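Participant: This structure is in structure tokens; I'll ask about it shortly.
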């Protein structure tokens, strides 16, 4: 906590509740937003929900094409004017 000048206005850290890896285990801890942005806290990897398919296989099921990829191909195939 920091005290400013003549007035007694105090600055408090912007604490967030976050699931993080601590000693190899997932724990819920309170971390300041500055530490989150700077990468000092390691978030656990997402675990897939039971019965769901991974994102990579979902793309393959749809034909393996994304909007960004198709747009870039269209731009490449257009002749320059």
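Participant: List pairs: first residue in the range 43-58 and in a loop (DSSP other than H, G, I, E, B), second residue at pLDDT below 70 and exposed (fewer than 10 other Cβ atoms within 10 Å of the Cβ) anywhere in the structure, Cβ distance under 8 angstrom, at least six positions apart or on different chains.
Facilitator: Hits for this filter: 48/54; 53/61.
Participant: Can you name every residue in the range 33-54 that is surrounded by 13 or more Cβ atoms within 10 Å (Cβ to Cβ) and out of contact with any strand residue (DSSP E or B) (no Cβ under 6 Å at 6 or more places or on another chain)?
Facilitator: Once the filter is applied, which keeps residues that are surrounded by 13 or more Cβ atoms within 10 Å (Cβ to Cβ) and out of contact with any strand residue (DSSP E or B) (no Cβ under 6 Å at 6 or more places or on another chain), the range 33-54 yields 35, 36.
The values are calculated or read from the model by the stated rules, or taken from the named source; none is laboratory data. Just so it is clear, the model here is predicted, and its values are computed rather than measured. Backbone-built Cβ (ideal geometry, glycine too); neighbour counts: all protein chains shown.
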